[in-house]
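No lab work stands behind these numbers, since they all come straight from the coordinates. None of these values were measured; they are calculated from a predicted model. Don't worry about glycine lacking a Cβ; one is built from the backbone with ideal geometry, like all the others, and counts go over all protein chains shown.
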Amino acid sequence: MEAARISVNVDSDIKKNAQRILGEIGMDLTTAINLLLRTIVREERIPFDLRTKNAYQMEAYNQYVNDELAKSITEANDPDTKWLSHDDMMAKLEHQRQTRSHV
């Protein structure tokens, strides 16, 4: 195997902190970079998730919706669940509206 040299400019604090962390797990910077590049070649992708801030927020929202849906399904299948009729629910909502308008 013929070795090739790569020259990369990085923030000196990032380099120091990366070297410290890698050292704690018994790895140097060169080995970590080689590991990253080998993984990219093997998997044909960057081996970690890259997203915008908005994408992370959407994932969190989707998880929330899925969790709430699962709770609703569990509740709907529970034989002890108390159900309100449409008329009872509408009366309850009207009472809440009237209560809020007097505040």
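List of remarks:
- Region 1-50 shape via C-alpha gyration tensor axes, a/c threshold 1.5: prolate
- Legend: calculated FRET efficiency, Ser72 to Val10, from the Cβ-Cβ distance at R0 = 41 Å, rounded to 0.05, equals 0.25.
- Among Met89, Met27, Met58: highest mean-square fluctuation, GNM of the chain, C-alpha pairs under 10 Å: Met89
- Cα-based shape type of the chain, given that a ≥ b ≥ c are square roots of the gyration tensor eigenvalues and the cut on a/c is 1.5: prolate
- Set of lysines near Lys15 by C-alpha distance (under 29 Å), chain-local residues within fewer than 8 positions excluded: Lys53
- Annotation: lysines with alpha-carbon distance below 27 angstrom to Lys92 (same-chain offsets under eight excluded): Lys71, Lys82.
- Taken about its Cα centre, region 3-97 carries a charge dipole of about 780 debye when Lys and Arg each add +1 at the Cβ and Asp and Glu each add -1 at the Cβ.
- 222 nm mean residue ellipticity, helices alone, for the chain (DSSP H n ≥ 4; -39,500 (n - 2.57); rounded to 500): -22500 deg cm²/dmol
- Anisotropy class of region 54-103 from Cα gyration tensor, a/c 1.5 cut: oblate
- Inter-label distance for His95 and Glu2, nm, one decimal - labels placed 7 Å from Cα along Cα-to-Cβ: 8.4
- Theoretical FRET efficiency, 1/(1+(r/R0)^6), r = Cβ-Cβ of Leu36 and Tyr61, R0 35 Å, to 0.05: 0.65
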